[in-house]
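Right, one structure below, let's go through it.
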Amino acid sequence: MIKFTDVSKCYANGTEALKDINLEIKDGEFVFIVGASGAGKSTLMKLILREEKPTSGEVEVNGYNLNRLKRRKIPKFRRTLGVVFQDFRLIPTMTVFDNVAFALRVTNVSNRIIRRRVPYVLGLVGLSSKARNYPTQLSGGEQQRVSLARALVNNPSLIIADEPTGNIDPEMSLEIMELLNEINKYGTTVVVVTHEHDLVTKFNQRVLVLKEGEVDSDELDWRP
Ligand code: ADP
């Protein structure tokens, strides 16, 4: 669950990136966030991930009040969500299996569970046959699917995808969005920032439009 109450974000140089945002994303929802460059999408994401704090107002994510979250509790909070980035952020010297396993190893999960969990999520994203490959041996779409598997491996209740199709071709982009939709059907909340209106209109989901730091519209069945 994500809840913003009267949230504003003003950067040190005086830029008002978000102005008095109120929004609620319930467990199990799928929401696209769209808006022109500079509209405040990245700032919104950074507040959700607790990379930035609001100047005023309250942000609550997965039961954590992020305003009051202690620094040492941030890792525990972050494990409740999975993040997919535009540039994949895979480790080039590790195999596909190890890239995904890494997210578990850093939290001291046993090898027995890693051997069961990693093949399972690679299966979900259709990459079972590529477990021993290195990222450079994969297409952009496949690399993004690895990053999706890595986001899923901790079984998070929320997936945040920031321009997940920004670096891949249109056909693969549709595939990634379909996978995110599929994951949502299993009950995971999914929030996707994108500027690809064609993709957004293919899926009948809630679309939150940001404009100059404010919520311009928030509706189902949105058309650009
Ligand atoms: P979007 O992701 O929709 O392109 P951003 O959230 O990146 O929008 O930016 C919103 C506004 O805040 C823009 O005017 C941008 O220049 C400004 N901004 C973003 N990050 C910073 C920062 N770290 N310092 C100052 N201004 C920033």
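The values are calculated or read from the model by the stated rules, or taken from the named source; none is laboratory data. In this text, all values refer to a predicted model and were calculated from it rather than measured experimentally. Cβ coordinates were reconstructed from backbone atoms using ideal geometry, including for glycine residues, and neighbour counts include every protein chain displayed.
Do you know which of the residues in the range 190-221 that are surrounded by fewer than 21 Cβ atoms within 10 Å (Cβ to Cβ) and among the hydroxyl-bearing types (S, T, Y) is nearest to the ligand (Cβ to nearest atom)? If we take residues in the range 190-221 being surrounded by fewer than 21 Cβ atoms within 10 Å (Cβ to Cβ) and among the hydroxyl-bearing types (S, T, Y), then S217 is nearest to the ligand (Cβ to nearest atom). Candidates V59, V31, V84: the one that is at pLDDT 95 or above, part of a strand (DSSP E or B), among the β-branched types (V, I, T) and under 20 Å from E219 (Cα atoms) is V31.
The residue pairs whose first member lies in the range 144-156 and is over 10 Å from G82 (Cα atoms), whose second member is basic (K, R) and outside any loop (DSSP other than H, G, I, E, B), and whose beta carbons are closer than 6 Å, counting only pairs six or more residues apart or on different chains, do not exist in this structure. Within the range 115-164, being buried (at least 19 other Cβ atoms within 10 Å of the Cβ) and of a type in the set (V, I, T) holds for V118, V121, V125, V146, V153, I159, I160. Only one entry of L104, L44 meets the criterion of being within 13 Å of the ligand (Cβ to nearest atom) and assigned to a helix (DSSP H, G or I), and that entry is L44. In the range 206-215, is there at least one residue being assigned by TED's automatic domain parsing to the domain that holds T15 and more than 19 Å from I48 (Cα to Cα)? Within the range 206-215, not a single residue is assigned by TED's automatic domain parsing to the domain that holds T15 and more than 19 Å from I48 (Cα to Cα).
Counting only residues that are surrounded by 14 or more Cβ atoms within 10 Å (Cβ to Cβ) and not hydrophobic (A, V, I, L, M, F, W, C), the range 73-99 holds 8 of them. Within the range 30-46, restricting attention to residues that are of a type in the set (G, A, S) and within 15 Å of H197 (Cα to Cα), the residue that is surrounded by the fewest Cβ atoms within 10 Å (Cβ to Cβ) is S37.
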